[in-house]
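Read the structure below first, then the notes.
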Amino acid sequence: MTVKVLYFGRLKELSGTSEEIVEVPDGALIEELFARCSTARPELGKFRASLVAARNREFAAWSTPLIAGDEVGFLPPVSGG
Amino acid sequence: MPAPHSEDRIEVTRAAIPNAELARQVRTDEDGAIATFDGCVRNQSHGRKTLYLEYEAYEAMALAKMQAIAAQIHANYGIRRVAIVHRLGRLEIGETSVFIAVSAAHRAAALDACRYAIDTLKKTVPIWKKEFFADGAVWADGELPPVPAETPTAEPASN
């Protein structure tokens, strides 16, 4: 199945893209999706401890299973205001 | 999430925020208090002279989170109306980056709700600030939003 991945802030700069479509096995967890996204970009993997994930615009645990067509955002610490 | 109150104004914008208009918009004859918060661009950060800022957002999620804040302060503080507007893009020194206005019958509710709104926005709304200095740029230190608890790993896989 495929999911849409969005990157923001410094993660967007590190990834060189703001969004991409990623193929993952059915039922993959957000953790596994992030590992896949980081494979080609070791720099991204270093930020694992200082980012949070969102699934379909809600903050989500790393252990959240995905379904086809999900939108997953990887978000650095927020600094609005 | 409850339906947004029709008089509320929750937006992100790339244009200058109309602060006075927002403060007027929450005003009603039933209320005795309007509290506002004007977050504006400072000319220095950690001792370095700031030239300008750039804000970016996960816009759809940012709006959803700002609407959630509005719903929370309606429910918890009994306020009448709220406006929360955050600006994106390049901002110059002195410009407003975020403006919040709330109206309530009495001052305590208005002030407390306004404080809660800006504090919660800074922790939960997916917006990012990049600070530009004469000798480079940095993403501002931020706060990691709270996320739901992880599923215990002992739980059997569903497949």
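For the range B:43-60, residues that are within 30 Å of A:A53 (Cβ to Cβ) and aromatic (F, W, Y) total 2. Look at the range A:20-32: where a residue is charged (D, E, K, R) and a partner is in a strand (DSSP E or B), sitting 6+ places away or on another chain with Cβ atoms under 9 Å, you get A:E20/A:K4; A:E20/A:V5; A:E20/A:L6; A:E20/A:Y7; A:E23/A:T2; A:E23/A:V3; A:E31/A:A53. When you look at B:R27, is it surrounded by 15 or more Cβ atoms within 10 Å (Cβ to Cβ), modelled with pLDDT of 95 or more, more than 12 Å from chain A (Cβ to nearest Cβ) and over 30 Å from A:N56 (Cβ atoms), yes or no? Answer is no for this residue.
When B:A101, B:A117 are checked against the criterion of being more than 10 Å from every other protein chain (Cβ to nearest Cβ), within 16 Å of B:D38 (Cβ to Cβ) and touching a Ser or Thr at 6+ places or on another chain (Cβ under 6 Å), a single residue qualifies: B:A101. Restricted to chain A, the set of helices (runs of 4 or more DSSP H) holding at least 2 residues that are more than 14 Å from chain B (Cβ to nearest Cβ) comprises A:30-39, A:42-45.
Table: residues versus (1) touching a residue at least 60 places away in the same chain (Cβ under 8 Å); (2) more than 11 Å from every other protein chain (Cβ to nearest Cβ); (3) not small (G, A, S).
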residue	(1), (2), (3)
B:Y77	no, yes, yes
B:R90	no, yes, yes
B:R107	yes, yes, yes
B:A113	yes, yes, no
B:K123	no, no, yes
B:V138	no, no, yes
B:G142	no, no, no
B:P146	no, no, yes
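The values are calculated or read from the model by the stated rules, or taken from the named source; none is laboratory data. Remember, it's a predicted structure, so these values are computed and weren't measured experimentally. Don't worry about glycine lacking a Cβ; one is built from the backbone with ideal geometry, like all the others, and counts go over all protein chains shown.
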